[in-house]
Every structure is written in C-alpha cells, then in structure tokens.
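Report on the following structure.
Every read-out reported here was derived from the displayed coordinates using simple, explicitly stated rules and does not represent laboratory data. A quick note: this is a predicted structure, and the numbers were derived from the prediction, not measured. Note that each Cβ is placed from the backbone with ideal geometry, even for glycine, and that neighbours are counted across all protein chains shown.
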Amino acid sequence: KEYPIVLENGQPIRIAHGPASNAFDKMLADGMPTEGITNVFRDEKEYQRLIKAGYGAAPNSYHNHGLAIDAHGAAGAWLHKNGAKYGWVQEPGYVGHGGHFIFKPST
C-alpha cells in the first residue's frame, strides 16, 4: 500500500498490503508521527543505490518486502514506545542502528 507521505529520498512510504499496512494505518490514526521515517519498502533500484553508496543493505531485507521501517527522531521514539502493540518491533539481533523496526505480529 502506498501512502501520500514522501521520504527524504523522494520515495513514498510503501507497506505490504494486509496485516502490516492495517497495523501502520492504526499507528497513524493513533498519532504516530512520520517525521524521522527514513526508509520503508525499497525496490531493486533503491537497493542498488544503497549498495553503491556504501550501505550494507541486505539482499533479502524485510525492507524488500515492505515489512520494515527505519525511524529515528519523533517517529523512532513513538515506535520504541508503542510499536510492539501494533506488531512493529525492533528486529532481534539487528546491529545496524537503533531505529530498525520489522512487522512481526504476535500470534
């Protein structure tokens, strides 16, 4: 699902259709700020751009499937505090930065 929110890199926010985008919609409705979201879905072109820029983008990242959010500042603080109740949690074992959240709903 594509949102009318454009990131600093010019990409719109895109979240996988279904439970992930439903949860994202609920987070927005419940007051999650979008300021500080820097990366969500990335297509092959964006993946290649990141590699060429020297980032260690994983070839099978949750971002490639619309199931990851990189958020810092206001959005990151909100997700740290509230994200888990919507199924958006920090990826276990991820060491890249403190603002990497993936969609992992509890069962």
Requested in this report: Normalising by the residue count of the chain, find the relative contact order in percent from Cα pairs under 8 Å and 6+ residues apart.
Outcome: 25 percent
Report summary line: Karplus ³J(HN,Hα) for segment 58-67 (6.51 cos²θ - 1.76 cosθ + 1.60, θ = phi - 60°; Hz, whole; x = Gly/Pro) runs 6, x, 10, 5, 4, 4, 5, 10, x, 10
Query - Modelled FRET efficiency - R0 35 Å, His17 with Ala58, Cβ distances, 0.05 increments - result: 0.95
Query - Helix axis angle, 19-29 relative to the chain longest principal axis, alpha carbon, degrees - result: 70 degrees
Report task. Could I have the simple spin-label model distance between Ser106 and Asp30, label points 7 Å from Cα toward Cβ, reported in nm to one decimal? Result -> 1.2 nm
Query - Within a Gaussian network of the chain (alpha carbon springs, distance under 10 Å), most fluctuating of Gly93, Gly66, Gly36 - result: Gly93
Query raised in the report: By how many nm would the segment from Arg49 to Lys81 grow when fully extended, if each residue of separation counts as 0.36 nm and the alpha-carbon distance is taken off?
Result: 8.4 nm
Query - Answer label for semi-axes √(5λ) of the Cα gyration tensor in Å (calculated), chosen among (i) 38, 19, 13; (ii) 24, 18, 10; (iii) 20, 15, 14 - result: (iii)
Query raised in the report: Separation between the Glu91 and His65 pseudo-spin-labels, each 7 Å from Cα along Cα→Cβ, expressed in nm?
Result: 1.1 nm
